[in-house]
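Peer 1: Quick one: the structure is below, questions incoming.
Rule-based calculations on the coordinates, nothing more; no lab input. The structure displayed is predicted, hence computed values, not measured ones. Note that each Cβ is placed from the backbone with ideal geometry, even for glycine, and that neighbours are counted across all protein chains shown.
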Amino acid sequence: MKALVLILAFLPLTLATLQVGFYATTCPKAESTVQSVIANRFSKDPTVTAALLRMYFHDCFVNGCDASLLIAPTNSTQSERSAGPNLTVRGFDVIDEAKSKLEAICPNTVSCSDIIALATRDAVVQSGGPNYTIPTGRRDGLRSDPNDVSLPGPSLTISEALQFFIEKGFSLNDMVVLLVVQFKSHWIRIVLPSWTKTHHLSSTIATTSNS
Ligand code: HEM
């Protein structure tokens, strides 16, 4: 679990200016506001944790953690949300709720990408997972193009899926932690169809995940 926390905490460190407590002076209630929105939502719908974890993953894997996944398509423009793998991403309304509350107390200050990161952490905590500090100060991206969306699909072999993670700087171990430790059922669904083809790699993963 410690490894998963480290990955979740540092996954978004794409820019050097991030720091823990980035909003301490500009919006001191930023983190507590997100926390109370998530606690309230979790009490009504505990599946918000799964929704936010997936949203965070789908946002960060495409051009970094820049909240470009939140940009809604219009009649004339498509966005990342229009891409196939994102059609079933949930939880946009809870991020909108946190953003509205934050705009009311500190307008134009807290980025949506920080809200996603904080909200995901808080949802993990609500689910009984560990707490961890998150460096903040991300800036939201303006580019949101469905053609940029390249995410691993459920029919990939392990080696093909691993390629996606390696391209983002993750190791096999990181992939195992992300997929196995928290999402055993997820993992079984993804791995079993390709088990025979990738038996050697699967054995490595099974060994790693047991350690
Ligand atoms: C090889 C990599 C991955 C593949 C192929 C994959 C594929 C999928 C698929 C097909 C679904 C079901 C979507 C639907 O219901 O339509 C799903 C759901 C989900 N995925 Fe992944 N995923 C991967 C990696 C990850 C990672 C790294 C995370 C988290 C860090 C994650 C978190 C989740 C969660 C929490 C759900 C359930 C979302 C919900 O309940 O709304 N996935 N994934």
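Peer 1: At 0.36 nm per residue, minus the direct Cα-Cα distance, what do residue 92 and residue 150 gain on full extension? Give it in nm, one decimal, please.
Peer 2: Stretched fully, the residue 92-residue 150 segment lengthens by 18.9 nm.
Peer 1: What number comes out for the charge environment of residue 134, summing +1 per Lys or Arg and -1 per Asp or Glu over other residues with Cβ under 14 Å away?
Peer 2: My count for the surroundings of residue 134 gives -1.
Peer 1: For the residues 23, 132, 56, what sequence is obtained by ranking on other C-beta atoms within 10 Å, fewest first?
Peer 2: Ordered by Cβ neighbours within 10 Å, fewest first: 132, 23, 56.
Peer 1: Output the relative contact order of the stretch 2-148, whole-number percent, from Cα pairs under 8 angstrom with separation of 6+ residues.
Peer 2: Relative contact order of the stretch 2-148: 39 percent.
Peer 1: Let me ask something additional. Cβ under 13 Å from residue 61's Cβ, residue 61 left aside: what net charge do those residues give with Lys, Arg +1 and Asp, Glu -1?
Peer 2: With Lys, Arg at +1 and Asp, Glu at -1, the neighbours total -4.
Peer 1: So who's got an amide H within less than 5 Å of the one on residue 136, skipping anything under 5 residues away but keeping other chains? H placed 1.01 Å off N, in plane.
Peer 2: Correct list: 19, 20, 21, 22.
Peer 1: Would you mind checking the radius of gyration and Dmax of the stretch 2-148 based on alpha-carbon positions, in Å?
Peer 2: Calculated on Cα positions, Rg and Dmax stand at 14.4, 44 Å.
Peer 1: What is the distance, in nm, between label points placed 7 Å from the Cα along the Cα-to-Cβ direction at residue 72 and at residue 32?
Peer 2: 3.1 nm
Peer 1: Also, I was wondering about something else. Going by how many other beta carbons lie within 10 Å of each one, how would you line up 166, 115, fewest first?
Peer 2: By the 10 Å Cβ count, ascending, the order reads 166, 115.
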